Amino acid sequence: MISFIIPTLNEEHVLEKLLKSLRNYFGESEIIVSDGRSDDDTLYIARKYADITIVAQNRESQSIAINRNNGAKQAKGDLLVFIDADIIIDDPNEFFRSALASFKNDFELVGISCPIRIAHDRETFMDRFIMFFVNLIFRLQNNILGIGAASGEFQMVRESAFRKVGGYNENLTVAEDIEFFQRIGKIGKTRCEKKLLLRNTGRRPHKLGWHRLIYQWIVNFLYMTFLKKSAHKVWQPIR
């Protein structure tokens, strides 16, 4: 069984498309939306399609790590899929058939990610150029160097591994996804599955610019690695 866990905050413009797509998955599954107290129509959409909708008690104290962990506490699946609300899945049945096969064929595998690209109708040459190298780095870290690394846009992990490492580090507001995959990579194998592909809306790089976003990624990675904290106290939502 797969538990889809989607952290949200004011995602009314993208959430319905993702939830409809996941509803078309034929395998045994549940959909959990873990919301940080949205003040738009996100909760209305979530309650329309999701099996479980969790609402944070205090918006100011929330982070994406906390919302993911809150969703996982309610999950019943053997495999947990953490996925962002603006992810686009063209064929969920084919995608997760292949993803499940990865776990069935390798019992040492504890987590997978996959290449991410920008939506067809928004993708620029610079998007393709940057994401080629980002995806290449993740493949190198996971598949060759054996170092867990993955974007929180899509992480699929064994429930047992998630519990063993204690989930996401709630003290990190940024780079919690990389840090989490590093920890599960120490108890089993992680892989970036090049046969899989997901797309997102590209809203953050298109709003901030790639130069600024890459700078933020690098700074937060260094802070997380050497200081065990995030450089940013708040990861500003972009909608």
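Look through 174, 157 and report the one residue that is touching a residue at least 12 places away in the same chain (Cβ under 8 Å), touching a Phe, Trp or Tyr at 6+ places or on another chain (Cβ under 6 Å) and of a type in the set (A, V, I, L, M).
After applying the criteria, what remains is 174.
For (1) surrounded by fewer than 20 Cβ atoms within 10 Å (Cβ to Cβ); (2) within 20 Å of residue 192 (Cβ to Cβ), each residue gets a yes or a no:
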position: 6; (1), (2): no, no
position: 22; (1), (2): no, no
position: 28; (1), (2): yes, no
position: 36; (1), (2): no, no
position: 64; (1), (2): no, no
position: 88; (1), (2): yes, yes
position: 96; (1), (2): no, yes
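Yes/no per residue for (1) modelled with pLDDT of 95 or more; (2) farther than 21 Å from residue 86 by Cβ; (3) part of a loop (DSSP other than H, G, I, E, B):
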{"position": "211", "(1), (2), (3)": "yes, yes, no"}
{"position": "214", "(1), (2), (3)": "yes, no, no"}
{"position": "225", "(1), (2), (3)": "no, yes, no"}
{"position": "230", "(1), (2), (3)": "no, yes, yes"}
{"position": "235", "(1), (2), (3)": "no, no, yes"}
Name the residues in region 148-161 that are surrounded by fewer than 19 Cβ atoms within 10 Å (Cβ to Cβ) and either modelled with pLDDT under 95 or closer than 19 Å to residue 174 by Cα (or both), would you? 153
Step by step: first the residues of region 197-213, then only those that are surrounded by fewer than 19 Cβ atoms within 10 Å (Cβ to Cβ) and aliphatic (A, V, I, L, M), then the one that is nearest to residue 109 (Cα to Cα). Which residue is that? 197
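So if I check each of 142, 135, which one is crowded, with 20+ Cβ neighbours inside 10 Å, assigned to a helix (DSSP H, G or I), in contact with a strand residue (DSSP E or B) (Cβ under 9 Å, 6 or more places away or on another chain) and polar (S, T, N, Q)?
Details: 135 fails: crowded, with 20+ Cβ neighbours inside 10 Å.
That would be 142, the only listed residue that is crowded, with 20+ Cβ neighbours inside 10 Å, assigned to a helix (DSSP H, G or I), in contact with a strand residue (DSSP E or B) (Cβ under 9 Å, 6 or more places away or on another chain) and polar (S, T, N, Q).
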If you take the residues in region 82-129 that are within 30 Å of residue 160 (Cβ to Cβ) and among the polar types (S, T, N, Q), which one is farthest from the chain's Cα centre (by Cα)? 105
Suppose we filter region 154-210 for residues that are over 22 Å from residue 79 (Cα atoms) and of a type in the set (Lys, Arg); how many remain? 3
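The values are calculated or read from the model by the stated rules, or taken from the named source; none is laboratory data. In this text, all values refer to a predicted model and were calculated from it rather than measured experimentally. Using ideal geometry, Cβ is built from the backbone for each residue, glycine included, and neighbour counts are taken over all protein chains shown.
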